[in-house]
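Where a number appears in this text, it was derived from the coordinates with a stated rule and is not lab data. Computed from a predicted model, the values in this text were never measured in an experiment. Note that each Cβ is placed from the backbone with ideal geometry, even for glycine, and that neighbours are counted across all protein chains shown.
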Amino acid sequence: MTLRNTLPWIVLMAGALVITYTWAPSSGNRELIAPVKRIAASDFKLTDAAGKEVSLSDYKDKVVLLNFWATWCGPCEVEIPWFKEFEQTYKDKGFAVLGVSEDEGGWPTVRAYVEARKMNYRVLLDTDSNKMPSPYKEIQGLPTTFLIDRQGRVAITHTGLVS
């Protein structure tokens, strides 16, 4: 077999791997962790689009849907309308959505994306995930979502498209 004959197969297999990785079944806790078994969510500080420093602890006494995403992530884009609806429906009931972008392009890329999709929840930028505390720096794929209870404990961790 020549390179010319095998190249299409290599491209096809690489594409299949990308699709499988991106749309693979999600992982993480599929059920709420019992309250007595929950661990404290690590606090962190990142900046929002206005340059304001935001901490997870700023959301004390709220249920927080903390979503790690990127503009290039297809499943992340699918989730955005759902998160917008959650924010709109439950923001006055002690619930908040926080999106943490993992884009290397910085705010110029992220800000345009957020504005184009009219994202109504706060978006933060993680420019150096190595500085993030555990478990956030160990994220294995995007999107990854943490549901944090009112006591600041992780109730669910979910990697992949939220269904």
Which residues does the label zone of Ala40 cover in segment 127-155, counting backbone N under 12 Å from a point 7 Å along Cα→Cβ?
152-154
Along the charge dipole of segment 58-111, which of Val78, Thr109, Phe95 sits closest to the positive end, that is, farthest toward it, with unit charges on the beta carbon of Lys, Arg, Asp and Glu (+1, +1, -1, -1)?
Phe95
Which order, highest average first, do 129-138, 94-103, 76-85 follow once you tally other Cβ atoms within 10 Å for each residue and take the mean per peptide?
94-103, 76-85, 129-138
Inter-site label distance for Leu32 and Trp72 at 7 Å from Cα along Cβ, in nm
3.8 nm
Among 32-40, 45-53, 155-163, how do they line up by average Cβ neighbours within 10 Å per residue, starting with the highest?
155-163, 45-53, 32-40
Per the rule of 0.36 nm per residue minus the C-alpha distance, extending Thr89 to Gln140 adds in nm 15.4 nm
